[in-house]
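Written out below as C-alpha cells is the structure these notes cover.
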C-alpha cells in the first residue's frame with residue numbers, strides 16, 4: 001500500500017503484521033487458560049524485571065506518556081509473546097520449525113528483492129525507485145532489509161549443521177538451506193548496507209566453528225561452495241544492474257556518516273541528565289533544543305540533524321529519554337541472555353550468539369525494532385530458542401477466575417488490535433487518495449477513521 005514512509009505504523013506492512021501477531025497472542029492466551037498453569041523459566045522472571053525497570057521512567061514528571069506509549073506497548077507485547085511461546089509443549093522438531101519459518105520468509109523476501117533489483121521498470125506497480133535501485137523488499141528501508149537477510153543467512157547455516165543425516169531426510173530441506181547464501185549474499189552486497197556487511201561477516205565467522213564441528217565434511221564443503229557462489233553472483237548481479245560500474249557498494253566504502261557527530265551529541269545529552277533523562281517520548285524535540293543551544297554557545301559544535309526522532313542507537317535512545325535506569329534494565333536482560341548462551345553445550349555457544357548479531361548490531365546503528373515489527377518478533381523467537389535449549393521450566397497454577405480472564409483476553413486482544421490496525425490502514429488509504437486527487441477535494445478527509453496514527457500528516 002502506498003505510504004509516505006517513516007517508521008512504526010506509518011509503514012503499512014507493520015500494521016498487517018500487528019494483526020497477525022495479535023492473533024498469535026490470542027491463541028497463546030487461550031492455550032495458557034487451557035493449561036491452567038503458567039510455565040516459566042528463570043529467564044522469564046529476569047526479562048519481566050527488565051521490562052518493569054525499563055517502564056518505570058514513564059512515571060517521571062518529564063515523561064510524555066502519549067508519545068512513549070507505542071514503544072512501551074511494543075516492549076510488553078514482546079514480553080507477552082515470549083511467555084506465550086513457553087506455554088506450548090513443542091517437540092524439538094516444532095521448536096526448530098520456528099527457525100524454519102524465518103528462513104522461508106527470508107527466501108521469499110530475497111526473491112522479491114532480486115525481482116526489484118533486476119526486473120522492475122520505472123512506473124512499476126510497487127512504486128519501487130529503479131533509479132536509486134536499492135531493493136528493500138517490503139521494508140522500504142535497505143538497511144532493515146540487509147539485517148533481515150543476514151539473520152536468515154546465519155539461521156540457515158545454523159540449521160544446516162543441525163539437520164540429521166538420515167537417508168529419509170527430505171533433500172529439499174537441505175537444498176533450501178544451501179540456496180539461502182546463494183540468494184541472500186548478492187542482495188546483501190548490492191544493498192550497499194555497511195550494517196548488513198558487518199553483521200554478515202561477524203555472524204558467519206562465529207558460526208564457522210559450529211559448522212566445522214557438527215556438520216559432515218561434505219556438507220561443510222558444500223556450504224562453503226554455496227557461500228562462494230553467492231559472493232560470485234553478487235558481482236554478476238551488480239554488473240547487470242549497473243553496467244557502468246556506478247553501483248552504491250563501491251561508494252559506501254568511503255562514505256561518511258552523520259553518526260560521527262550525532263552519537264557524541266546524544267552522549268553529551270546523557271551526561272547532562274544521567275539520572276532523569278529528558279523524558280520518555282521527547283527525544284526529537286529535546287535533541288533539537290540541546291544541539292541548537294550548544295551550537296549557539298559554540299559555533300564549532302555541529303548543528304543538530306533535522307527531524308531526527310531516534311539517535312540511531314538503541315542504548316542511547318533509552319538513556320537520553322529515561323536516564324540510566326532503563327539502561328540498567330537492558331544490561332540486566334543482556335547479561336541473563338549471555339548467561340543462558342554460556343550454559344549451552346560447548347561448541348554451540350558462538351553459533352547461538354551469532355544468531356543475534358545482525359539484529360543486535362543493527363539496533364546499535366539504527367532502529368530496526370521501530371522500522372519493522374518482524375525484526376522484533378524474530379528477536380523474541382531467538383530469545384525463546386536460546387532459553388529452551390538449557391531451561392528447566394517451572395509451573396505456577398492459577399484460579400478459574402484467571403482462566404476466564406485469559407479466555408476473554410484471547411478474544412479481546414486480536415479484536416482490538418485488528419480494529420485499530422485496519423482503521424490505520426484505511427486512514428492511510430484515504431489520506432493518500434486526498435494527496436493524489438486533483439483538484440484537491442477536502443471532503444475526502446471526512447472518511448478518515450483513525451487520525452491518531454497519522455496525526456501530523458492529517459493536521460498538515
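Classify the range 51-103 from the C-alpha gyration tensor, please: rounded if a/c falls under 1.5, else prolate or oblate depending on whether a/b exceeds b/c.
prolate
Starting from the Cα-Cα distance between residue 404 and residue 118, subtract it from 0.36 nm times their residue separation and give me the gain in nm to one decimal.
Computed gain between residue 404 and residue 118 is 97.6 nm.
With a Förster radius of 25 Å, plug the Cβ-Cβ distance of residue 111 and residue 162 into 1/(1 + (r/R0)^6) and report the FRET value to the nearest 0.05.
So the FRET efficiency works out to roughly 0.55.
With a point put 7 Å past each Cα toward its Cβ, work out how far residue 440 is from residue 285 in nm, to one decimal.
Calculated label separation equals 2.6 nm.
Among 399, 285, 410, 234, what is the fewest-to-most ranking by other Cβ atoms within 10 Å?
The order, fewest Cβ neighbours first, is 399, 285, 234, 410.
Suppose each label sits 7 Å from its Cα in the direction of the beta carbon; what would the residue 415-residue 96 distance come out to in nanometres?
It works out to 4.1 nm between the two label points.
Percent relative contact order of the range 352-449, based on C-alpha pairs within less than 8 angstrom and at least six residues apart?
Over the range 352-449, the number comes to 16 percent.
Which whole-number percent gives the relative contact order of the chain, counting Cα pairs below 8 Å spaced six or more residues apart?
28 percent
What nm distance separates the two modelled labels at residue 34 and residue 212, each placed 7 Å from Cα along Cα→Cβ?
With each label point 7 Å from Cα toward Cβ, the separation is 4.6 nm.
Starting with the highest mean, order 96-104, 114-122 by the number of other Cβ atoms within 10 Å, averaged over the residues of each peptide.
Packing proxy ranking, top to bottom: 96-104, 114-122.
Quick check on the range 322-451: take the gyration tensor over C-alpha atoms, sort the square-rooted eigenvalues as a ≥ b ≥ c, and tell me if it's rounded (a/c under 1.5), prolate or oblate.
oblate
For residue 175 and residue 275, FRET efficiency with R0 = 35 Å and r from the beta-carbon atoms, rounded to 0.05?
Calculated transfer efficiency: 0.05.
So for each of 124-133, 85-94, 200-209 I average, over its residues, the number of other beta carbons within 10 Å; can you give me the resulting order with the highest mean first?
Top to bottom by mean Cβ count within 10 Å: 200-209, 85-94, 124-133.
Can you give the extra length, in nm with one decimal, that the chain gains between residue 432 and residue 331 once fully stretched, where that is 0.36 nm per residue apart less the Cα-Cα distance?
So the extension gain works out to 32.2 nm.
On a C-alpha basis, how far is the centre of the range 100-149 from the centre of the range 303-335 in Å? Whole number, if you could?
29 Å
Which of the peptides 350-362, 63-75 is most tightly packed, and how do the rest follow, judged by the mean count of other Cβ atoms within 10 Å per residue?
My ranking of the peptides, most packed first, is 350-362, 63-75.
Once you have a ≥ b ≥ c as the square roots of the Cα gyration tensor eigenvalues for the chain, tell me rounded if a/c is under 1.5, and otherwise prolate or oblate according to whether a/b is larger than b/c.
Rounded shape, in that the Cα axes give a/c under 1.5.
Efficiency by 1/(1 + (r/R0)^6): what FRET value for residue 393 and residue 452, r their Cβ-Cβ distance, R0 = 45 Å, to the nearest 0.05?
0.70
Every number here is computed from the coordinates shown, using simple stated rules; none is lab data. Not measured: the values here are computed from a predicted model. Every residue, glycine as well, gets a Cβ built from its backbone with ideal geometry; the counts of neighbours run over all protein chains shown.
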